[in-house]
Amino acid sequence: MREEQEPELAMASLEEQMQQLRSKATELLLREEWRESVQIYSQFITLRQGQISNTCQHSDPDPDRLSKLHKSLCLALSNRAEARSRMRDFAEALIDCEQALEIEGTHFKTLLCKGKIFLSLNRYSMALDCFKAAVLDSQAAGNLQTINGYLERCKKLEFQSRTGVFDLSDWVLNGFQGKSPELAEYIGAVQVKKSEISGRGLFATKNIDAGTLVLVTKAIAIERGILSGQGAGENAQLVMWKNFIDKVNDSFERCRRTQHLIGTLSTGEDEEGLEVPDISLFRAETEISSYPVEKMDMGKILSILDVNSHVEDTALAEVFGKNSDYYGVGLWLLTSFINHSCHPNARRLHVGDYLIVHASRDIRVGEEITFMYFDVLSPLAKRREMSNSWGFNCKCMRCKFEEAVCCKQEMREIDIGLERGLDVGGVVYRLEEGMRRWMVRGKEKGYLRASFWVAYSETYGSERSMKRWGRRIPEMEAVVDSVVEAVGSDDRLVKLVAAGLKKSSGGLVEMERAMKLGKGLYGKVVKKQAMRSLLGRLASCSLP
């Protein structure tokens, strides 16, 4: 009799231990102590799997008991997946989800967790399938509002990702208040190829009109803060950089895919020998059975970040309602392949953790997508200084043209005159007369006007200068158009036109011109009414 009771007592003791583990794990989960919760659930899962294995070895296992054991295992796996997903350990969380769904294919909590993981990974179609399946579970009846919310989000993001149709108008019209809009990742008609500029670049695979989206991508990691005071600001920036490195390293260690993609980026050495990755690697929905293990020391990671991280553009801080001391740094993978040109054709716009790239002027099929790494509305000598600080020497067609022109004595005198604070209207007049004598035509006029934009903008912005020089220099609209053709739209160009429009209460033609410039600056993600609002903000704020 005693021998028969011993297994029962052992089983009761084990079940009591299991109950205690489950209660403790659940408590930790509710307290959002994710790591500790995972540890306790792991103990419970191991013991429960052992129980199931032992029960199945019996010649006549109790089906009801086996069913209960499987259900409790399914729930534990689902809860561990939830905790792991909160830790952003998505790979392990998905494994837990798959194991739970093998036990119960329509388990509501697991399908919900799996859908949220796919949503975080920007795999919108897969997330949509999970949420649709979750609706079929009986538990969905009490959670319809939650499920329908996820379904609507997935449908919207899947549509954006597939079509590239985005609209930030509501956010703009609301004055950029509240949380920035959720965006999908999107890759347009581009591919990575060897670049004549440097190493590898991003190239258009079809013609792209000004304002059209090129890509939308989410940061691997980002760090932001407010820098105040020179000494304090430098210290704060160093702290932010350290936090940023830690975040990148954390993302690198957690995800094999992220490891592989970061490993494709340049360290600044042996640019010509680097492999050209297929653009499909950067699409979140691309299925790859396994990624190679990337062994990368901290030195290499630091080199990659030094070459590829972007500082968030604060030139429009006032427009977007940001503090002027605002600073942000992040790593966006695909945009790291976009090279600099002083004749750029694309701009970037930061919205939350997303970076939106759009054409700032028309781009031809086969043309390389290029950014400006520094201010290209500057003379050649200044641009050379800035490019040297970045570790390269720009050799774009604009720089080559200006190298030939700037050796002229009269160009040197114009440069000196501008540096010495001579009348800006006179500087513009001498440059225009010089271009006429030197037979400078078309886009090349835009290059030189862009280089001396400071003089042009001060002249057109001054009633006194315009009274003296207005009849002897080109109209502002002609100059702006030529500069846009040379370097794409720019906030200072749009500001000048918008300020003139506001001052003169211009007509339809003037408004259309301003709207076109705005489209090159902000892209087609901002529609007409919202664009008018942005133009009004830009006309009212003082930008450099």
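The values are calculated or read from the model by the stated rules, or taken from the named source; none is laboratory data. Computed from a predicted structure; not experimentally measured. Heads up, the Cβs are rebuilt from the backbone with ideal geometry, glycines too, and the neighbour counts pull from every protein chain shown. Protein only, heavy atoms only, side chains kept; ligands, DNA and RNA dropped before computing areas. Shrake-Rupley method; radii C 1.70, N 1.55, O 1.52, S 1.80 Å.
Just a few scattered comments:
- Based on Cα contacts under 8 Å between residues 6+ apart, the chain shows a relative contact order of 13 percent.
- Cα-based reach from K445 at 19 Å (exclusive), listing lysines while leaving out same-chain residues under 8 positions away: K382, K395, K400, K408
- About the Cα centre, charge dipole magnitude for region 2-163 (Lys/Arg +1, Asp/Glu -1 at Cβ), debye: 1120
- When the chain is described by a simple charge dipole with +1 on each Lys and Arg Cβ and -1 on each Asp and Glu Cβ, the residue from N148, G426, G518 located farthest towards its positive end is G426.
- Our helix-only sum for the chain, with -39,500 (n - 2.57) per DSSP H run of n ≥ 4 divided by its residues, gives a mean residue ellipticity at 222 nm of -18500 deg cm²/dmol.
- Put simply, the amide H of A221, placed in the peptide plane, has neighbours under 5 Å in L331, leaving out anything fewer than 5 places away on its chain.
- The string of couplings for region 445-456 from the Karplus curve (6.51, -1.76, 1.60, θ = phi - 60°) is 4, x, 4, 5, 5, 5, 5, 10, 4, 4, 5, 5 Hz, one whole number per residue in order, with x for Gly and Pro.
- Between the residues L94, G178, A359, the greatest Cα displacement towards the positive end of the dipole of the chain, with unit charges on the Cβ of Lys, Arg, Asp and Glu, is found for A359.
- To put it simply, the accessible area of the chain at a 1.4 Å probe is 49 percent carbon and sulfur.
- Counted residue by residue at 0.36 nm each, then reduced by the alpha carbon distance between them, the extension gain from I226 to D129 reaches 30.8 nm.
- Leading residue at positive end of dipole, region 412-542 (Cβ point charges), from S533, A450, V440: S533
- What region 61-219 shows is 47 Å² of accessible area per residue, with the surface traced by a 1.4 Å probe over protein heavy atoms.
- Cα→Cβ-extended label distance, 7 Å offset, between S198 and T286, nm: 2.4
- Per-residue 3J(HN,Hα) values for region 424-437, derived from phi via the Karplus relation 6.51 cos²θ - 1.76 cosθ + 1.60 with θ = phi - 60°, read 4, x, x, 4, 4, 4, 5, 5, 5, 5, x, 4, 5, 6 Hz in sequence order (x marks Gly and Pro).
- Once exposed loop trypsin sites (Lys or Arg not before Pro) are cut out (DSSP; at most 13 other Cβ, 10 Å), longest piece of the chain: 32-178
- Amide H partners (placed H, <5 Å) of V351, local residues excluded: I356
- Total charge dipole magnitude, the chain, about the Cα centre, Cβ charges on Lys, Arg, Asp, Glu only, Debye to nearest 20: 2700
- Residue-wise HN-Hα couplings along region 166-171, as the Karplus relation 6.51 cos²θ - 1.76 cosθ + 1.60 with θ = phi - 60° gives them from phi, are 10, 9, 9, 4, 4, 4 Hz; Gly and Pro carry x.
- Set of lysines with alpha-carbon distance to K109 below 25 Å, sequence-local pairs under 8 removed: K24, K68, K71, K132, K155, K156
- Computed label-point distance, nm, for sites C407 and E475 using a 7 Å Cα→Cβ extension: 3.8
- Full extension of the chain between R468 and F159 yields a length gain of 105.7 nm, computed as 0.36 nm times the residue separation minus the alpha carbon distance.
- Amide H to amide H, with H built 1.01 Å from N, L227 comes under 5 Å of Y326, Y327, counting only residues 5 or more places away or on other chains.
- Net charge of neighbours whose Cβ lies under 14 Å from the Cβ of R420, counting Lys and Arg as +1 and Asp and Glu as -1: -2
- For K502, a cut-off of 27 angstrom between C-alpha atoms picks up these lysines, skipping any fewer than 8 places away in its own chain: K322, K467, K516, K519, K524, K527, K528.
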